[in-house]
Amino acid sequence: LDWEPESLTPEERAAFARLDLDPEAVSWNRVVDVNDRFLRKVTVGQGPAEKGMTRQTGYDISVASEIMAVLALATGLEDMRERLGAMVVGASRSRKPVTADDLGIGGALTVLMKDAIMPTLMQTLEGTPVLVHAGPFANIAHGNSSIVADQIALKLVGKKGYVVTEAGFGADIGMEKFFNIKCRYSGLRPNCVLLVATVRALKMHGKGPKVTAGRPIPREYTEENLPLVKAGVCNMQKHIENANKFGVPVVVCINRFATDTEEELEEVRKAAMAAGADAAVVGEHHAKGGEGAVAVAEAVAAACKRSREADDKGTGGFRYLYPLDIPIKSKIETIAKEIYGAKAVQYSPEAEEKIKLYTEMGFGSLPICMAKTQYSLSADAEAKGVPVDHVLPIKDIRVAAGAGFIYPLCGTMSTMPGLPTRPAYYDIDVDPDTGKIVGLF
């Protein structure tokens, strides 16, 4: 038997290497918890000891890591172990998935994460318990706090208590993924959607002037401007419409700023009710703490009561947006058209190839986790209000088999953010006399 690797035929090499991992098909990126646009695409393996095993890869921000998503979607230690082992790191030359367990690292990964699965118990300034756990951003991951934290909270409050759990960023991404991904894996059913809106944000969606970090906010946002509010409430109404598609009652909390006028707040309230909200209440918790949120809490409690009564009678209406047994493209297009209001979806050649590959690998029945800007219902961050007749571009598609979803990258969305023109570090320093950090806030 000739043991010289160079003398082996391609067939012999494939038989010799059990996994036969294709270097060109490695899909696992490294992660780092800082913004660095120059790490989006890098070349590794250039050292002499790597013997020419160079390849192009990239870095993601830590919150986009599949391990973060696994942490948030696991229902316990055993489930987390199974999910970590099922993570796909690449494909073999015969187009078979290669997983973390194939590499023999699933157990070691679980050891590293075994303490992280326990949520952090904190409290508000008024002593309300808060479980802080996991941080998958909704624009590049599924955007929800952990299932484990929800389970613990529900056990602690009892059958008559209430648990508020976050589905981050816009309702078009965080809420949609909460219903279609998190609820599927947790088995939990929400009783109410609490949709937060602000007069300022709606003015921006009404074509208000651009707000730039570090510059004074334009006066249109600090002075009464009913035309801008009226032009922008359509965005909130679309989110209400989207929430109603899941059969869950919607309460709108209008988060009051000191400069908001009664007329502006009333305009938002009327628009919310006209769009099908169960209730629309002004929240003053920023100024008054818990006392300022009592009316909002009462509206949520009333909506939850009606929802629970309907569930007890068997008339509850919670439903998913799409079934899992339809093709990947059909699921993507359902979200694009029903939630984003797109008229069509456009796939890059790379995305088309990935859809074919993941279907062949057996991942076609996974739910969809869109990576999309939070600033617009479309993939264009500058398109405010409710964009119409837009086409959703899908530039790439990845699989998170351990977390349990497929995630398309929409438009120019990147899983490694870059710093803005004027980063916050310009304002951060240390007071040499006191040793205190200044400029963080």
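The values are calculated or read from the model by the stated rules, or taken from the named source; none is laboratory data. Quantities reported herein were computed from a predicted structural model and do not represent experimental measurements. FYI the Cβ positions are ideal-geometry reconstructions off the backbone, even for glycines, and counts take in every protein chain you see. Calculation scope for accessible area: heavy atoms of the full protein, side chains included, ligands and nucleic acids excluded. Shrake-Rupley method; radii C 1.70, N 1.55, O 1.52, S 1.80 Å.
With protein chains left intact and a 1.4 Å probe, residues in the chain average 53 Å² of accessible area per residue. Normalised by the number of residues in segment 198-356, the mean separation of alpha-carbon contacts (under 8 Å, six or more apart) gives a relative contact order of 19 percent. Helix-only arithmetic for the chain: the sum of -39500 (n - 2.57) across DSSP H runs with n ≥ 4, divided by the residue total, places the mean residue ellipticity at 222 nm at -9000 deg cm²/dmol. Annotation: amide H of A91 within the under-5 Å range of D22, A25, V26, S27, V98, sequence separation 5 or more or interchain, hydrogens built in the peptide plane. The smallest convex shape that holds all Cα atoms of segment 236-323, its convex hull, gives 101 Å³ per residue.
So, in nm, how far is label D311 from label T75 when the simple model puts each one 7 Å beyond its Cα toward the Cβ? Those two pseudo-labels are separated by 1.5 nm. With one equal scatterer per alpha carbon and no solvent term, the Debye-computed log10 I(q)/I(0) for segment 162-271 at 0.13, 0.22 1/Å reads -0.54, -1.16. Once the Cβ-Cβ distance of E82 and A302 is raised to the sixth power relative to R0 = 45 Å, the FRET efficiency obtained is 0.65. For the chain, taking Cα atoms only, Rg and Dmax work out to 24.1, 87 Å respectively.
Remark on Q346: its backbone amide H falls under 5 Å from those of L392, I394, a criterion applied only to residues 5 or more positions apart or on other chains, H modelled at 1.01 Å from N. Compared with the direct C-alpha span, the chain from K207 to T128 gains 24.6 nm at full extension, assuming 0.36 nm per residue. Over segment 338-439, how many pairs of lysines fall under 22 Å by alpha carbon, counting only those 8 or more apart in sequence or from different chains? Eligible lysine pairs with Cα atoms under 22 Å apart amount to 10. Projecting the Cα atoms of L194, A272, A400 onto the charge dipole of the chain, computed from C-beta unit charges around the Cα centre, puts A272 farthest toward the positive end. Taking only protein heavy atoms and a 1.4 Å probe, the accessible area of the chain is 56% carbon and sulfur. Label sites at V438 and S94, each approximated as a point 7 angstrom past Cα along Cα to Cβ, lie 6.7 nm apart.
I need the calculated FRET efficiency for the pair V111 and D33, taking r as the beta carbon distance and R₀ as 22 Å, to the nearest 0.05. If you can, show how the numbers build up before the last one.
On the way: r = 21 Å, r/R0 = 0.95.
My answer for the efficiency is 0.60.
Start at zero, step by 10 Å, and the Cα-Cα distances of segment 86-129 spread as 23, 28, 20, 16, 11, 3 percent across the bins. How large is log10 of I(q)/I(0) for segment 108-153 at q = 0.32 Å⁻¹ when the intensity is taken from the Debye formula with one equal scatterer per alpha-carbon? Each listed q maps to, in turn, -1.07.
Here's the picture: a label point sits 7 Å out from the Cα of I428 along the beta-carbon direction, and within segment 197-225 the residues with their amide nitrogen under 17 Å of it are 214. For the chain, the relative contact order comes to 15 percent (Cα pairs under 8 Å, sequence separation of at least 6).
Take the Kirkwood radius over Cα pairs of segment 284-397, plug it into Stokes-Einstein at 25 °C and 0.890 mPa s, and you get 141 µm²/s for translational diffusion. Semi-axes of the equivalent ellipsoid of segment 342-441 are 38, 20, 11 Å, computed as sqrt(5λ) over the eigenvalues of the C-alpha gyration tensor in descending order.
Dividing the mean sequence gap of close Cα pairs (under 8 Å, 6+ apart) by how many residues segment 36-164 holds gives a relative contact order of 21 percent. In this label model, T120 and K159 are separated by 3.5 nm, measuring between points 7 Å along each Cα→Cβ vector.
Each residue of segment 52-63 was assigned a 3J(HN,Hα) from its phi angle through the Karplus curve 6.51 cos²θ - 1.76 cosθ + 1.60 (θ = phi - 60°); the sequence is x, 7, 7, 7, 8, 8, x, 10, 10, 6, 4, 5 Hz, with glycine and proline shown as x.
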